[in-house]
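Below: the structure, in structure tokens.
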Amino acid sequence: MGLERGDRVAVMTSGGDAPGMNAAVRAAVRVGAELGVEVVGVEDGYAGLIEGRFVPIGIRALDEAVRRGGTILGTARSKVFPTPEGQARARETIAKHDLRALLVIGGNGSLTGARTLANVETRRGPLLFAGVPASIDNDLACTSMSIGVDTAMNTIVEACDRIFDTATAHKRTFIVEVMGRDCGYLAMTAGIAAGADAVLVREADKSEEQIVEHVVRTMQRAYSPQHNGGEQKRRVLVMKAEGVKIDSARLKSLVEERVAKLLPDVDTRVTVLGHVVRGGTPTAFDRLLGARLANAALRGLVAGQTDFMAGWIGPSITRAPCPWDPYVVLTPLEEVLVETAKLLRGESDLARWRKRTFQEVEAIIER
């Protein structure tokens with residue numbers, strides 16, 4: 001049974017924020033208004049759901065918010081919701097506030113939380129629920145892109161362009177650390193786009209000694225005239241994902257020990273971009289991605305579908321597109337979570353392709 005006019009749908013943003021979340025919320029509210037359902041916001045993710053913090057969302061406020069990063073609804077990682085008591089309280093709140101459907105915008109943990117609310121009874125049958133992927137690490141399966149990835153890549157590239165200026169002026173090597181605890185996608189793609197001389201990702205499975213050797217070899221090659229057509233480079237950029245199992249400061253120290261005599265006139269610096277990568281004005285692509293995924297997800301809920309994630313078509317996506325957008329697929333959440341776990345363990349076809357590509361690209365980047 002699908003949604004009827006007047007049914008109440010709650011939309012929340014959960015987990016780490018990602019530029020483009022506001023665009024997804026805006027699309028859900030606008031499409032809901034057009035289809036005759038009431039869309040309300042949940043403040044601060046599952047913490048707000050437990051506490052019943054539902055708020056009306058003005059379309060005009062969203063028109064302004066869509067140009068900003070973060071999320072107008074706020075987000076949080078609730079320690080209470082994963083417990084049986086927390087989930088029981090969430091179920092009571094859903095019934096009390098007469099919710100008929102829930103749309104969760106977030107990453108792996110957020111979508112996992114949505115599945116715990118299956119079979120919550122409402123006035124007209126079980127709660128309908130769906131997810132929209134938002135994760136700057138691009139670490140979710142069953143979607144080629146997640147909301148926030150494109151903006152994060154652009155932020156990193158812009159920062160590296162600025163770092164290149166000062167690195168070249170002083171003949172320096174910069175180790176730039178970016179987000180990506182379990183997935184090196186962001187470091188690799190941004191590194192290629194920024195023109196990095198080396199990229200370090202968790203998926204390469206290198207030991208500390210091998211990582212140090214990789215950076216030293218890259219520096220020797222870059223600063224050697226015979227490897228650069230008789231010209232000597234004045235800067236080296238090493239892009240490092242935070243998931244690589246060596247601290248950036250320690251990597252700097254070990255590299256400096258190795259090159260002290262080989263390259264005595266080269267300085268090494270570390271820049272940790274950290275949460276700078278999360279913020280900023282969303283790119284046009286992230287705004288469109290958020291809007292199109294949320295549109296398809298809400299229309300799926302209205303049509304009576306449930307327990308799914310709206311994903312973007314691309315490599316490794318084999319499902320047929322949904323009826324409302326030729327670039328969006330609706331995948332059962334259980335399949336999404338299983339495939340995501342395989343992706344993070346390096347066991348899926350996509351994970352193996354990424355690892356193989358990282359290995360092929362490594363030598364090309366060093367040239």
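Please enumerate, by chain and number, the aspartates and glutamates with C-alpha under 17 Å from the C-alpha of Lys96, excluding those fewer than 8 residues away in the same chain.
Those aspartates and glutamates meeting the cut-off are Asp7, Glu38, Glu43, Glu51, Glu85, Glu121.
With a cut-off of 8 Å between alpha carbons and a minimum separation of six or more residues, what is the relative contact order of the chain in percent?
22 percent
Can you give the accessible area of Thr318, probe radius 1.4 Å, in Å² rounded to 10?
130 Å²
Of the candidates Thr75, Thr331, Thr168, which one comes out as most mobile in a Gaussian network treatment of the chain with C-alpha springs shorter than 10 Å?
The residue that fluctuates most here is Thr168.
Counting only complete DSSP H runs, which helices of the chain cover 20 Å or more along their long axis at the Cα atoms and score a mean Kyte-Doolittle of 0.5 or above?
Counting only whole DSSP H runs, the qualifying helices are 21-35, 284-302.
Percent of accessible area on the chain owned by carbon and sulfur, 1.4 Å probe?
50 percent
Accessible area per residue for the chain in Å², computed with a 1.4 Å probe and the full protein assembly in place, what is it?
So the chain comes to 43 Å² accessible per residue, rounded to a whole number.
Which of Ala291, Ala134, Ala341 ends up with the largest GNM mean-square fluctuation for the chain, with Cα atoms connected below 10 Å?
Highest fluctuation among the options: Ala341.
Under the Kirkwood approximation for Rh and a Cα-based Rg, what ratio Rg/Rh is obtained for region 295-367?
Reported Rg/Rh, Kirkwood definition of Rh: 1.13.
The values are calculated or read from the model by the stated rules, or taken from the named source; none is laboratory data. Every value quoted in this text rests on a predicted model; they were computed, and no experiment measured them. What goes into the accessible areas is simple: the full protein's heavy atoms, side chains included, and nothing from ligands, DNA or RNA. Shrake-Rupley method; radii C 1.70, N 1.55, O 1.52, S 1.80 Å.
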